Amino acid sequence: MVNFVRVSLYAIGFLCLMAVPAAAADGSGIPGAIGGGLAVLGAGIGIGLLAKGAVEAIARQPESAGTIQVAMIIAAALIEGLAFYAVYIGSTQGN
Amino acid sequence: MASDILHIKDSYYFEIPKFMWQSHREKASDFPDWFVRLDDDYQAWEADPILVGLTEIGVSGDDLAPLKARWLAWQHADHKNAAWPLDGYLERQSEVVSKEASAWAKKNPTEANDPLKAFLAVNPRPEIEWFIQLQKDPSQAAKWTEVKAKVNSESHVKEYLNTALAKDWSKEKIFAYNRSLDGKILIPQPFGVPRNAYEAESGLCISKYMILEVAVALIMLFLFNWLAKRIATGAAPTGKRWNLLEGAVQVVRDHVVVPAMGEEDADKFMPFFWTLFFFILGCNLMGMIPWLGSPTASFSVTAALALVVFAIGLVMGVKTFGVAGYLKNICPSLGLPWYLALWVIPLLWLIEFASLFIKHLVLSVRLLMNMGAGHLVLLGILGIGISAQAASMSSVGWGSVATISVLGTTALSVLELFVAFLQAYVFTFLSAMFIGSSMHHH
């Protein structure tokens, strides 16, 4: 069962990888918004990891909660800025 | 960031509820000049002197005869082409062909020194070729500029308004125009000529965001002048307003600038950072007020702010280290042995030099995108509720969708309020960090 899931995930990944040269051969392009979505995927994972680290650190040392919160907010804002930018550029690129 | 569907862009009018500012214009001369220029009847009337001018320049009658019909068909073909006058149509078509020609020339390189001619030899475009020849010939192009200038002059619209055609605008047309101008307080434009309600033709057109920025600046002047007088007395703060303002001012110093810049330099730059923080905060909060907008959702505003931060960093860095020293300082000294430092340091220096520009650009884009995209999302969600009615669902269906969308919009507006404060904080913090790092040894 696990093997089946693993193989099928590889297959889907390979399919997505082959989409790019196939689209190029066809003459069309990959819609730009997909790029924007991928960037947000990365940003979401990044901010999730950030939140995990921050919450664990607060759990270990509750008296430094204020400092950790501030650092978390700043880092999240920086990452989100790039994500917004990528979404906008991706959605205006079209094909 | 102008787009057809967004109303969160800068405009040359203030929008308020329609019932509060009804347009009661009665004849063509009541409408502003740029509005008349976009009218179909005016453009048809204006096309005749353009055709006469073209005949005088020497274009043949065969080329000119079908021009008007083709131009009108082009206008109606795509809503992006609506209300482009005849001279604009000709120039846009020739630009389109030039772009096609250069793209074609990249794929089929020839030795010909004129890719446009080679392109036209293979793919003839008879409807616009004569115009491209006209643009290439210097004397004809000069005469064309004259024709355009005459047609685009202010007196031309006044001429039209005196003709019988202008007095003849039908009641339906005037009614439709009035309905489209309901609720829009047009900003008077003494220094420039707008092309339409969103774009400027020439000169400096006063836009809604400019007025909002001035309003924020005046409010800040008033509030902080009041605060400064109170602080000068040396007494302890009493009352809500004084405590709030003094607390905010202290927080910006102790928790935003000092952690980023260090204690010694903070006092020198505090006026700048206070201005920066409260200006950005004020502009962001303007976006929370209905029917206003946040000026920081415009790239010009955020780019100007980031440019100021960059300039200050540059000037302070050069003052502290001199030009060569400043450039050396942007790269950290890693204490590498000489055989590694030989090729690592130049690479690192290039990256740091590029990042000098990139990080200020991203500073502006972050603020812009947070303000712009945030309100875009709100528009989208509320739009779902509004368009659910157009989808003619049952009233129960529409009611529940609309309720959910309004509740969602309210929740997101609270998030937007938080983002307004956060983005002002992040911008100020990063500016302090950049300016501090340009003055201290890395």
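The values are calculated or read from the model by the stated rules, or taken from the named source; none is laboratory data. Values in this document were obtained by computation on a predicted structure and should not be read as measured data. Using ideal geometry, Cβ is built from the backbone for each residue, glycine included, and neighbour counts are taken over all protein chains shown.
For residue B:388, state whether it is away from every other protein chain (no Cβ under 14 Å), surrounded by 15 or more Cβ atoms within 10 Å (Cβ to Cβ) and touching a Phe, Trp or Tyr at 6+ places or on another chain (Cβ under 6 Å). I'd like the intermediate steps shown before the answer.
Values: away from every other protein chain (no Cβ under 14 Å): yes; surrounded by 15 or more Cβ atoms within 10 Å (Cβ to Cβ): yes; touching a Phe, Trp or Tyr at 6+ places or on another chain (Cβ under 6 Å): yes.
Spelling it out, residue B:388 is indeed away from every other protein chain (no Cβ under 14 Å), surrounded by 15 or more Cβ atoms within 10 Å (Cβ to Cβ) and touching a Phe, Trp or Tyr at 6+ places or on another chain (Cβ under 6 Å).
For the structure I just gave you, tell me whether residue B:130 is assigned to a helix (DSSP H, G or I), of a type outside the set (Ser, Thr, Tyr) and over 30 Å from the mean Cα position of the chain (by Cα). So residue B:130 fits the description; yes. The combined condition, being free of Cβ contacts under 8 Å to residues at least 60 places away in the same chain, assigned by TED's automatic domain parsing to the domain that holds residue B:61 and closer than 18 Å to residue B:63 by Cβ, is not fulfilled by residue B:122. All of A:73, A:34, A:30, A:58 fail the test of being within 14 Å of chain B (Cβ to nearest Cβ) and either within 25 Å of residue B:297 (Cα to Cα) or more than 12 Å from the chain's Cα centre (by Cα) (or both), apart from A:73. Looking at the stretch B:161-181, can you tell me whether even one residue there is at pLDDT below 85, of a type outside the set (A, V, I, L, M, F, W, C) and crowded, with 17+ Cβ neighbours inside 10 Å? No: the stretch B:161-181 contains no residue that is at pLDDT below 85, of a type outside the set (A, V, I, L, M, F, W, C) and crowded, with 17+ Cβ neighbours inside 10 Å.
Looking only at residues in the stretch B:281-324 that are of a type in the set (Val, Ile, Thr) and closer than 22 Å to residue B:379 by Cβ, which one is surrounded by the fewest Cβ atoms within 10 Å (Cβ to Cβ)? Give the derivation first.
Taking the stretch B:281-324 as the starting set, the residues that turn out to be of a type in the set (Val, Ile, Thr) are B:289, B:296, B:301-302, B:308-309, B:312, B:315, B:318, B:320, B:323.
If we keep only those that are closer than 22 Å to residue B:379 by Cβ as well, we get B:289, B:296, B:301-302.
On the way: B:289: 10, B:296: 31, B:301: 24, B:302: 27.
It comes out as B:289.
If you check B:149, B:142, B:69, B:105 for being out of contact with any helix residue (DSSP H, G or I) (no Cβ under 9 Å at 6 or more places or on another chain), more than 29 Å from residue B:192 (Cα to Cα), in a helix (DSSP H, G or I) and of a type in the set (A, V, I, L, M, F, W, C), only one passes: B:69. Taking every residue in the stretch B:49-74 that is assigned by TED's automatic domain parsing to the domain that holds residue B:129 and in contact (Cβ under 8 Å) with a residue 12 or more places away in the chain and pairing it with any residue that is in a helix (DSSP H, G or I) and among the basic types (Lys, Arg), at least 6 positions away or on another chain, the pairs with Cβ-Cβ distances below 6 Å are B:57/B:143.
State whether one or more residues within the stretch B:319-338 are within 14 Å of chain A (Cβ to nearest Cβ), without any contact (Cβ under 8 Å) to a residue 60 or more places away in the chain and not β-branched (Val, Ile, Thr). Walk me through how you get there before you give the answer.
Pass one, the stretch B:319-338, residues within 14 Å of chain A (Cβ to nearest Cβ): none.
There is no residue in the stretch B:319-338 that is within 14 Å of chain A (Cβ to nearest Cβ), without any contact (Cβ under 8 Å) to a residue 60 or more places away in the chain and not β-branched (Val, Ile, Thr).
Give the residue, chosen from B:410, B:428, B:403, that is among the hydroxyl-bearing types (Ser, Thr, Tyr) and within 19 Å of residue A:74 (Cα to Cα).
Working: B:410 fails: within 19 Å of residue A:74 (Cα to Cα); B:403 fails: within 19 Å of residue A:74 (Cα to Cα).
None of the others qualify; the one that does is B:428.
Residues of the stretch B:157-204 that are in contact with a Lys or Arg (Cβ under 6 Å, 6 or more places away or on another chain) and part of a loop (DSSP other than H, G, I, E, B): B:182, B:183. Among residues of the stretch B:89-118 that are closer than 30 Å to residue B:38 by Cβ, those with a beta-carbon under 8 Å from a residue that is modelled with pLDDT of 75 or more and among the acidic types (Asp, Glu) at least six positions away or on a different chain give the pairs B:93/B:127. Contact annotation: residue pairs with Cβ atoms under 8 Å, 6 or more positions apart or on different chains, pairing a residue in the stretch A:51-62 that is assigned to a helix (DSSP H, G or I) with a partner that is of a type outside the set (A, V, I, L, M, F, W, C), are A:54/A:69; A:57/A:64; A:58/A:64; A:58/A:69. Take residue A:44 and decide whether it is modelled with pLDDT of 90 or more and in the same structural domain as residue A:83 (by TED's automatic domain parsing). So residue A:44 fits the description; yes.
Only a single criterion out of (1) hydrophobic (A, V, I, L, M, F, W, C); (2) within 12 Å of the chain's Cα centre (by Cα); (3) crowded, with 17+ Cβ neighbours inside 10 Å is not satisfied by residue A:41, namely (3). If we scan the stretch B:395-407, do we find a residue that is within 14 Å of chain A (Cβ to nearest Cβ) and either over 22 Å from residue B:306 (Cβ atoms) or in a helix (DSSP H, G or I) (or both)? Among the residues of the stretch B:395-407, not one is within 14 Å of chain A (Cβ to nearest Cβ) and either over 22 Å from residue B:306 (Cβ atoms) or in a helix (DSSP H, G or I) (or both), which makes the answer no.
Of the residues screened, residue B:145 is one that is loosely packed, with under 13 Cβ neighbours inside 10 Å, in the same structural domain as residue B:58 (by TED's automatic domain parsing) and without any contact (Cβ under 8 Å) to a residue 40 or more places away in the chain.
Within the stretch B:340-378, being away from chain A (no Cβ under 14 Å) and aliphatic (A, V, I, L, M) holds for B:340, B:341, B:342, B:344, B:345, B:347, B:348, B:350, B:351, B:354, B:356, B:378. Checking the stated criteria, residue A:6 turns out to be surrounded by 10 or more Cβ atoms within 10 Å (Cβ to Cβ), modelled with pLDDT of 90 or more and over 19 Å from the mean Cα position of the chain (by Cα).
Would you tally the residues in the stretch A:61-70 being hydroxyl-bearing (Ser, Thr, Tyr) and within 14 Å of chain B (Cβ to nearest Cβ)?
Taking the stretch A:61-70 as the starting set, the residues that turn out to be hydroxyl-bearing (Ser, Thr, Tyr) are A:64, A:67.
Applying the additional criterion that residues be within 14 Å of chain B (Cβ to nearest Cβ) yields A:67.
Number of matching residues: 1.
Every listed requirement among (1) away from chain A (no Cβ under 14 Å); (2) free of Cβ contacts under 8 Å to residues at least 40 places away in the same chain; (3) of a type outside the set (S, T, N, Q) is met by residue B:441 save one, (2). Which of the residues spanning the stretch A:79-92 are surrounded by 15 or more Cβ atoms within 10 Å (Cβ to Cβ) and within 9 Å of chain B (Cβ to nearest Cβ)? A:80, A:81, A:82, A:83, A:84, A:85, A:87, A:88, listed by residue number.
A single member of B:231, B:219, B:206 is of a type in the set (Val, Ile, Thr), more than 14 Å from chain A (Cβ to nearest Cβ) and out of contact with any Gly (no Cβ under 8 Å at 6 or more places or on another chain), and it is B:231.
Filtered by the rule that a residue be over 17 Å from residue B:302 (Cβ atoms) and within 14 Å of another protein chain (Cβ to nearest Cβ), the stretch B:408-431 gives B:415, B:418.
For the stretch B:134-156, the criterion of being more than 23 Å from residue B:48 (Cα to Cα) and in contact with a Lys or Arg (Cβ under 7 Å, 6 or more places away or on another chain) is met by none of the residues.
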